[in-house]
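Quick note: the coordinates plus some simple rules give every number you see, no bench work behind them. The structure presented is a predicted model; accordingly, all values stated were derived computationally and were not measured. When we count neighbours, we look across all protein chains shown, and the Cβ atoms used for this are built from the backbone with ideal geometry, even at glycine.
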Amino acid sequence: MSLGIRCRPAFLIRLPREVELTLRYLLTGALLASAAVSPALAQDNTAITVVLSEELDLVEPCMATRSNIGRVVLQNINETLTELDVRGDAGLMPRLAESWEDRGDGVWRFTLRDGVTFSDGTAFDAADVAHSFDRVFSDQITCESARYFADTELAFDIIDDLTIDVKAEPAQPILPLLMSLVTIVPSETPIEFVRNPIGTGPYVLSEWQAGQFIQLDRRDDYWGEQPEVSSARYVFRGEAAVRAAMVETGEADIAPQITELEATNPATDFTYPNSETVYLRLDSADEPTSDIRVRKALNHAIDREAFIGTLLAEGTELAVAMVPPTTLGWNGDLVPLAYDPALARQLLAEAEADGVDVSLPIEIIARTENFPNVTEVTEALTQMLTDAGFNASMRMVEVAEHEQYYSKPYPESEGTRLILAQHDNSRGDPVFSMYFKYHSDGTQSGIAIPEVDDLIERATAATGAERDALWSELFAYVHDEAVADVLLFHMVGHSRVGERLDFTPTIATNQQLQLSEIGFK
């Protein structure tokens, strides 16, 4: 069996901050009082409630690398062949694959775990692995996890039920790590998005009431150790203050995403770097952002420092790359383009003098509840661009609509759209970011530069010091030479965990929330 893959101004009126916060807490109280008249969620002492910031539009396994879906699906319903240890120093760990070996010539052999069954009772085997990848890379659906494999072509050779060889072309030195991104489904799963996912994980999706809740229940026949959490109900609340208050009052057990404003209780609240990078994706095929002077002007128009400690938490770092500083190849010589609105206006004037229509509309499109205070951040960015002379506006959209603008093919528009987005890379290697963000064929790339393509392809195939050096060179080229986008912030996460639980959030909590890692005090 084989599989071939090739991935290709509005003026804003703001209330004083103290008035806004007072109203916010009054609203929180009203909402909680309203919630109290609803039927209570039935719980035993090992059932939990998780309150998320945004509702899921899908529970599709091949979309589990998208954070809002991954927090429910990844390793709870559907598992991967390998898993990266984010709680200790074990590195890459077995999950559905017990072991793997490099057999040379781009071939890796994976030995699968015996005795594993899916939640529908069927046995897990190598055919399921091959089908899962066939499905992920099919042109009949668009799967999030396909983006991370760059231009690698994979071919699968089933040796027996529990042994499968995977050949990567070009050779992929971190293929076992890449396997931690693809969730496994039964070979009978259709190549279309599913509403009732079947997986090998410790939980099953037992109920989904759209707009209200998702319910996961523990499997009695799970192949691994039985987790302590017997069931989890996921509910959705847009206000961070409401989410925090729900945990405080015992209406919920975990709020994975609150703001610094609510994170005031040392007994329940956790603050940590969360591996997310916030940026504005530019499309250099559009006018006026096709001109590098306009792209530089956008960067100089934004006062990044003004956000930290106000709309964004203390500890937030200014970004110079799409990945956090803990990533392989990090280039410590890079610095953000300085806030200089006068220089921004000068660059726009120079571009206009050469025939660039700098009056074309520039619309910032942001995803509601993508991160705390995202609406206020978007408003401030829009105002800064307007003050620097851009014809700027903003639009807040839900996650499904945001995806239509974030990934190719991009919708046409007069002028251009800047996509405010948050990208997670907690796996330590730029390969999980750089191809689909910057390669000409990348699904979320706004540039098409041969030098960038070459660096990405060489770095992806390299090992050791050479890999590190090539990624570092690429970071510098994208930031200084291409000015490919407007890199903004490396984010800080805040979570609230009820005192009855034994659980500590990690750098991966914004992307996944494994129920098996949760215990009870």
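Each peptide in 165-176, 328-339, 501-512, 486-497 was scored by the mean count of other Cβ atoms within 10 Å over its residues; highest first, the order is 486-497, 501-512, 165-176, 328-339. Computing FRET efficiency as 1/(1 + (r/R0)^6) for residue 462 and residue 122, where r is the C-beta to C-beta distance and R0 is 45 Å, gives about 0.65.
Dipole size of the chain about its Cα centre, with +1 on Lys/Arg Cβ and -1 on Asp/Glu Cβ: approximately 940 debye, rounded to the nearest 20.
Net charge near residue 414, counting Lys/Arg +1 and Asp/Glu -1 over other residues with Cβ under 15 Å of its Cβ? The partial results should precede the final answer.
Values: positive: 395, 417; negative: 283, 286, 287, 357, 363, 412.
Summing Lys/Arg as +1 and Asp/Glu as -1 gives -4.
Shape of the range 76-193 from its Cα gyration tensor (a ≥ b ≥ c, root eigenvalues): rounded if a/c is under 1.5, otherwise prolate when a/b > b/c, or oblate? Note, shape of the range 76-193 comes out rounded.
By count of other Cβ within 10 Å, fewest leading, how are 398, 287 ordered? Kindly include the intermediate steps, with their values, before the conclusion.
Working: 398 13, 287 17.
Least crowded to most crowded, the residues run 398, 287.
The distance separating the Cα centre of the range 503-521 from that of the range 221-254 comes to 11 Å. Between residue 99 and residue 338, how high is the FRET efficiency from 1/(1 + (r/R0)^6) when r is the Cβ-Cβ distance and R₀ = 56 Å? Nearest 0.05. The computed FRET efficiency comes out at 0.65.
For the pair residue 192 and residue 220, label points projected 7 Å from Cα toward Cβ lie 3.3 nm apart.
The HN-Hα couplings worked out from phi for the range 313-325 by the Karplus form 6.51 cos²θ - 1.76 cosθ + 1.60 (θ = phi - 60°) are 5, 4, x, 4, 10, 6, 9, 10, 8, 6, 10, x, x Hz, whole numbers, x standing for Gly and Pro. A dipole drawn for the chain from +1 and -1 charges on Cβ atoms has a positive end, and of 215, 410, 349 the residue lying farthest that way is 215.
Between the alpha-carbon centres of the range 89-133 and the range 311-385 there is a gap of 42 Å.
Please give me, ordered by residue number, the GluC sites (Glu not before Pro) of the range 403-476 that lie in loop per DSSP and have at most 15 other Cβ atoms within 10 Å. Numbers along the way, then the final one.
Numbers: sites: 403, 412, 414, 451, 457, 466, 473; in loops: 412, 414.
When the GluC sites (Glu not before Pro) of the range 403-476 are filtered for loop state and at most 15 Cβ neighbours within 10 Å, 412, 414 remain.
The alpha carbons of the range 273-493 give a radius of gyration and a Dmax of 16.5, 48 Å, in that order.
Based on the Stokes-Einstein relation at 4 °C and a viscosity of 1.567 mPa s, and on the Kirkwood radius from alpha carbon pairs, the range 418-521 is assigned a translational diffusion coefficient of 80 µm²/s. Across the range 164-175, computed HN-Hα scalar couplings (Karplus, 6.51 cos²θ - 1.76 cosθ + 1.60, θ = phi - 60°) run 9, 9, 10, 9, 9, 10, x, 3, 10, x, 10, 4 Hz from first to last residue, x flagging Gly and Pro.
Along the range 227-240 the Karplus relation, 6.51 cos²θ - 1.76 cosθ + 1.60 evaluated at θ = phi - 60°, assigns HN-Hα couplings of x, 6, 6, 7, 7, 9, 10, 9, 10, 10, 9, x, 8, 4 Hz to successive residues, with x for each Gly and Pro.
Quote the relative contact order of the range 310-381 in percent (integer), defining contacts as alpha-carbon pairs under 8 Å separated by 6+ residues. RCO, the range 310-381: 32 percent.
Taking the fewest neighbouring Cβ atoms within 10 Å as the starting point, the ordered list for 424, 429 is 429, 424.
Legend: ranking of residues 289, 142 from fewest to most surrounding C-beta atoms inside 10 Å; resulting order 142, 289. Size descriptor for the range 182-311, Kirkwood hydrodynamic radius: 19.7 Å (Cα pairs only, one decimal). FRET efficiency for the residue 314 to residue 160 pair, using the beta carbon distance and R₀ = 60 Å, is estimated at 0.65.
Can you tell me how much longer the chain between residue 209 and residue 480 gets when fully stretched, taken as 0.36 nm per residue apart minus their C-alpha distance, in nm with one decimal? The partial results should precede the final answer.
Values: separation 271, 0.36 × 271 = 97.56 nm, distance 4.80 nm.
My answer for the length gained is 92.8 nm.
What net charge do the residues around residue 209 carry, taking every other residue with its C-beta under 13 Å from that of residue 209, with Lys and Arg at +1 and Asp and Glu at -1? Before the final figure, lay out each step's value.
On the way: positive: 195, 233; negative: 55, 207.
After counting each charged neighbour, the total is 0.
Rounded, prolate or oblate: pick one for the range 415-458, where a ≥ b ≥ c are the square roots of the eigenvalues of its C-alpha gyration tensor, a/c under 1.5 means rounded, and failing that, prolate if a/b is larger than b/c, else oblate. Walk me through the numbers on the way to the answer.
Values: a/c = 3.13, a/b = 1.10, b/c = 2.85.
It comes out oblate by the Cα gyration axes.
Of the residues 255, 360, 117, the one whose Cα sits farthest towards the positive end of the charge dipole of the chain is 255 (charges of +1 on Lys and Arg Cβ, -1 on Asp and Glu Cβ, taken about the Cα centre). Mean sequence separation of contacting Cα pairs (under 8 Å, at least six apart), scaled by the length of the range 76-193, corresponds to a relative contact order of 33 percent.
Let me know the shape class of the range 339-426, please: from the alpha-carbon gyration tensor, a ≥ b ≥ c as square roots of the eigenvalues, rounded when a/c is under 1.5, otherwise prolate if a/b is greater than b/c, or oblate. Intermediate values should be presented prior to the final figure.
Working: a/c = 2.26, a/b = 1.57, b/c = 1.44.
It is prolate, given that a/c is not under 1.5 and a/b is the larger ratio.
Other residues whose C-beta falls under 14 angstrom from the C-beta of residue 194 contribute a net charge of -3, scoring Lys and Arg +1 and Asp and Glu -1. Checking (i) 4, 18, 28, 26, 17, 6, 1, 0; (ii) 3, 16, 24, 22, 19, 12, 3, 0, 0; (iii) 3, 10, 10, 7, 6, 6, 6, 8, 8, 8, 7, 7, 6, 4, 2, 2, 1, 0 against the coordinates, the calculated P(r) over Cα pairs in 10 Å bins from 0, in percent falls under label (i).
Antiparallel as a % of all DSSP beta bridges within the chain, to the nearest 5?
Details: 56 of 76 bridges.
Among the beta bridges of the chain, antiparallel pairing accounts for roughly 75 percent.
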